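Just so it is clear, none of the values below were taken in a lab; they were calculated from the coordinates. Computed from a predicted structure; not experimentally measured. Methodologically, a virtual Cβ is constructed for each residue, glycine included, from the backbone with ideal geometry; neighbour enumeration extends over all protein chains shown.
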Amino acid sequence: MKKTFELKRCHIDVLLLCIIFLIGAFIVYRQINGNKIEKFYNLKQDDLSELFTVETTVGQTNICPNNDNNGHVYVFYTNWCGASKSFMGIDDKGKVVDDNATWQILKREHQFKCDNDRIGMHQIDCDTEEGSNLANKFKIEYLPSVFFVTESVNSKLESVDKVYTEIPNDPIPIRYNDGVIKYTGEHNLPVVKNFITSQYNQ
């Protein structure tokens, strides 16, 4: 009887270890493969131009001379949203209170500096009028929302504006939205950083 009890207990211990292992493996898998992206195909040139020039973009870092960045990351947030505050490391007034928050670490990331991969980092407060308008155009459904915009999109906009100025009646068919990518995965540091690096390395 005692042997049978010990055998059952052994089976239970093995089963519990297997469950713990599976949970751990699932967590690691989500950490590594948490990237989910969504391309935008319904934006207009004016929407993107507004994004590149939005005055409510504060706390810009890694903006290189002559704007020769390889790409730009935009995060839409508010000061009252718990998930935004956690991701941004800010309090109810927008003041940075956690230097180890995901966004604060990304903004300091040496890899994104101008002498390396040159990624512009921007944040847009959706509580401002301009930020709210942009949030509507970019169909922001949850906060924080992270976008990566390839530098080629910005270059296309500049070249098209120039051509339109010189030859206003000659339309140029360019799909601006191919380089506008919305991140829809988890908001922890490894997967967000992996999302950014995977986009500019394509």
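Some observations on this one:
- Any hit, the stretch 138-145, residues being among the hydroxyl-bearing types (Ser, Thr, Tyr) and over 16 Å from the mean Cα position of the chain (by Cα): no
- Scanning the stretch 98-148 for residues that are in a loop (DSSP other than H, G, I, E, B), more than 17 Å from Trp80 (Cα to Cα) and of a type in the set (Ser, Thr, Tyr) yields no hits at all.
- Summed over the stretch 68-97, the residues that are exposed (fewer than 15 other Cβ atoms within 10 Å of the Cβ) and without any contact (Cβ under 8 Å) to a residue 24 or more places away in the chain give a count of 7.
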